[in-house]
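**Q** Here it is: the structure, laid out below.
The values are calculated or read from the model by the stated rules, or taken from the named source; none is laboratory data. No experiment lies behind these values; they were computed from the predicted model shown. Note that we place each Cβ from the backbone using ideal geometry, even for glycine, and neighbour counts take in every protein chain shown.
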Amino acid sequence: MSTTPERTERDSTTAPSAGSPGGAAPGGGHVLAVGEALIDVVHRADGTVDELPGGSLANVALTLGRLGRDARLVTWIGDDAHGTALRGWLGESGVTLTPGSTTAERTSVATAHLDEHGAATYDFDLEWQVPPGTTVDAGTLAVHTGSIAAVLEPGASAVRELVASARSAATVTYDPNARPALMGDPAEARPRIEALVTLADVVKVSDEDLAWLAPGSDPVAVARDWLALGPAVVVVTLGGEGAVAVTAGGEQRVTAPRVAVVDTVGAGDSFMGALIDGLWDADLLGADRREALRAIDSTTLAGLLERCVAVAAITVSRAGANPPRRAELSLA
C-alpha cells in the first residue's frame, strides 16, 4: 500500500474494439470511472481456484461498455501479466484506459473466498493512486467512483479533489462498496464515506454496507439521512429482495427476478453500471441536468430500477464479474 514512483508510460491506452461490443446505445459523451482494476483470485466452496479480472470500478466501466456506452477508466495497474489480462478483458468490452493507468509497479490482487451460497469475502494485496495529470475533460457526462479508490491513500485524496472539480460539468455517482478488511473501524470509515456522499448526485449502497456502517439502523432511514446531505437519488440494494430508491419525492421499490445464484461477484457493480446507463437513457446525466435529476418522476425511476435488478440478476447467474451485453437484455 506504499506510494509507487511514477514510471515511463507504455501502452497506456486500450482503444475500444471495432463496432459496439455491447450493442449500440444512443447518446454522445462518456462516463469516467475512477478507481481500482485488479485480479480476483477466487477460492470456491468446492476447492477450485480461479484468477479473474475485476475491481469495483473496472466492473462498472465494463458493464457500461457492454451496454454500448463510451466508458473510460482511470486506474492504476502494472505492465505485467495481470495487467495484460485486465487490458484485454476491458478492451474486449470497449473500455478505454486513460493515460498513465498502466504505470504502476505491479497489478493489485484481491483474494475472494466464496461460501456455499456464492457470497464473497475479500482479502487484499494492493496499492492505489490516481495517475498524475488526470483531469475531467470535455464530454464527460458523469464521473463515478467508490469502494477502495475512495478510501485508500494516497489515491483517495486525489479522488475527492477530482470529484469536487468534476461537479461543475458532470453528474457525480458514488458507491461506497465497503471493504471492511481495508476500511478499518466503521465509525472512522463513515465520515470519509459521507464526505463523498455530500459531493454525489447519485449514491448506490447495499444493505450489507449499511449494516456494517450503521449497525442496527434501518437502511432506508440511513438513505434518507444521506439524501439530506445533497444527493438527488440514494439507492439501497437489497440482494435477492430487489432495491429501494429514495428521492425528494418519496420512495420507489422494485423486486428482483428469481434466479439460481452462481456467485455474487460483481453484482453490485453491474447494478451500478446499469443505473448510470439508465440515467443516460433518461437524459439525466451532466451538470446541466442536475435539477431535472432532482425532479425524476416515479415512473422513470421504477423503470430504471427494474433494468438495474435485471442486469444484476444475469450477473449473479454466472461465474465472476460477467455482466450482460445490451443485446442480452433485449432478449431477456
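**Q** Mind checking whether some residue in segment 91-106 is touching a residue at least 12 places away in the same chain (Cβ under 8 Å), outside any helix (DSSP H, G or I) and under 20 Å from Ala319 (Cα atoms)?
**A** Yes, that holds for at least one residue.
**Q** Write out, first by first residue and then by second, each pair whose Cβ atoms fall under 9 Å of each other, whose residues are 6+ apart or on separate chains, and whose first residue, in segment 228-255, is over 16 Å from Ala312 (Cβ atoms) while the second is aromatic (Phe, Trp, Tyr).
**A** Pairs that qualify, where the first residue is over 16 Å from Ala312 (Cβ atoms) and the partner is aromatic (Phe, Trp, Tyr), are Pro231/Tyr174; Val234/Trp226; Val246/Trp226.
**Q** While we're on this one: Just give me the residues in segment 72-82 being surrounded by 21 or more Cβ atoms within 10 Å (Cβ to Cβ) and in a strand (DSSP E or B), in sequence order. Please lay out each step first, then the result.
**A** Kept after step one, since they are surrounded by 21 or more Cβ atoms within 10 Å (Cβ to Cβ), are these residues of segment 72-82: 72-77.
Within segment 72-82, Arg72, Leu73, Val74 meet the criteria.
**Q** Restricting to helices (runs of 4 or more DSSP H) lying wholly in segment 232-332: which have 1 or more residues that are surrounded by fewer than 16 Cβ atoms within 10 Å (Cβ to Cβ), in contact with a Leu (Cβ under 7 Å, 6 or more places away or on another chain) and of a type in the set (Gly, Ala, Ser)? Break it down stepwise before answering.
**A** Values: elements: 267-281, 290-294, 298-316, 326-331.
In segment 232-332, 290-294 are the helices (runs of 4 or more DSSP H) which contain 1 or more residues that are surrounded by fewer than 16 Cβ atoms within 10 Å (Cβ to Cβ), in contact with a Leu (Cβ under 7 Å, 6 or more places away or on another chain) and of a type in the set (Gly, Ala, Ser).
**Q** OK, next. Which residue, of Glu116, Glu92, is surrounded by fewer than 24 Cβ atoms within 10 Å (Cβ to Cβ), modelled with pLDDT of 95 or more and among the acidic types (Asp, Glu)? Spell out how you get there, then give the answer.
**A** Numbers: Glu116 fails: modelled with pLDDT of 95 or more.
Going through Glu116, Glu92 in turn, the sole match is Glu92.
**Q** Within segment 137-172, which residues are outside any helix (DSSP H, G or I), under 24 Å from Ala104 (Cβ atoms) and among the hydrophobic types (A, V, I, L, M, F, W, C)?
**A** Once the filter is applied, which keeps residues that are outside any helix (DSSP H, G or I), under 24 Å from Ala104 (Cβ atoms) and among the hydrophobic types (A, V, I, L, M, F, W, C), segment 137-172 yields Val143, Val151, Leu152.
**Q** Report every pair of residues separated by at least 6 positions or lying on different chains whose Cβ atoms are under 6 Å apart, first residue within segment 143-158 and without any contact (Cβ under 8 Å) to a residue 60 or more places away in the chain, second buried (at least 20 other Cβ atoms within 10 Å of the Cβ) and of a type outside the set (S, T, N, Q).
**A** Val151/Met183; Ala156/Ala150; Ala158/Val130
**Q** Another question, if that's okay. Quick one: which of Ala85, Ala61 is closer than 22 Å to Val136 by Cα and assigned to a helix (DSSP H, G or I)?
**A** Ala61
**Q** Search segment 195-231 for residues being part of a helix (DSSP H, G or I) and within 20 Å of Thr264 (Cβ to Cβ), and hand back the single one that is nearest to the chain's Cα centre (by Cα).
**A** Asp209
**Q** Report whether or not Ala158 is surrounded by 15 or more Cβ atoms within 10 Å (Cβ to Cβ), small (Gly, Ala, Ser), closer than 24 Å to Ala312 by Cα and at pLDDT 95 or above.
**A** No, not satisfied.
**Q** Just one of (1) on the phi < 0 side of the Ramachandran plot; (2) free of Cβ contacts under 8 Å to residues at least 24 places away in the same chain; (3) in a loop (DSSP other than H, G, I, E, B) trips up Arg69, so point out which.
**A** Here Arg69 meets the rest and fails (2).
**Q** Taking segment 271-298 as the region of interest, how many residues are among the aliphatic types (A, V, I, L, M), closer than 30 Å to Ser317 by Cβ and in contact with a strand residue (DSSP E or B) (Cβ under 8 Å, 6 or more places away or on another chain)?
**A** So the answer is 7.
**Q** A further question on this structure: For Val151, work out the one condition from (1) modelled with pLDDT of 95 or more; (2) under 27 Å from Val197 (Cβ atoms); (3) in contact with a helix residue (DSSP H, G or I) (Cβ under 7 Å, 6 or more places away or on another chain) it doesn't fulfil.
**A** Of (1) modelled with pLDDT of 95 or more; (2) under 27 Å from Val197 (Cβ atoms); (3) in contact with a helix residue (DSSP H, G or I) (Cβ under 7 Å, 6 or more places away or on another chain), only one is false for Val151: (1).
**Q** Take the residues in segment 173-194 that are outside any helix (DSSP H, G or I), more than 13 Å from the chain's Cα centre (by Cα) and not basic (Lys, Arg); name whichever of them is surrounded by the most Cβ atoms within 10 Å (Cβ to Cβ).
**A** Gly184
**Q** Return a yes/no flag: does segment 121-142 have any residue that is aliphatic (A, V, I, L, M), more than 25 Å from Ile193 (Cα to Cα) and within 17 Å of the chain's Cα centre (by Cα). Working first, answer last.
**A** Let us first name the residues in segment 121-142 that are aliphatic (A, V, I, L, M), namely 126, 130, 136, 138, 141-142.
This time we only want the ones that are more than 25 Å from Ile193 (Cα to Cα), so: 138.
Then drop every residue that is not within 17 Å of the chain's Cα centre (by Cα), which leaves none.
No - not one qualifying residue is present in segment 121-142.
**Q** Something else about it: I'm trying to understand the selection: among the residues of segment 28-48, which are of a type outside the set (Asp, Glu), touching a strand residue (DSSP E or B) at 6+ places or on another chain (Cβ under 8 Å) and modelled with pLDDT under 90? Break it down into steps so the answer makes sense when it comes.
**A** Here is the first cut: in segment 28-48, the residues of a type outside the set (Asp, Glu) are 28-35, 37-39, 41-45, 47-48.
Now narrow it down to the ones that are touching a strand residue (DSSP E or B) at 6+ places or on another chain (Cβ under 8 Å): 29-35, 37-39, 41-45.
Of everything in segment 28-48, those that are of a type outside the set (Asp, Glu), touching a strand residue (DSSP E or B) at 6+ places or on another chain (Cβ under 8 Å) and modelled with pLDDT under 90 turn out to be Val41, Val42, His43, Arg44, Ala45.
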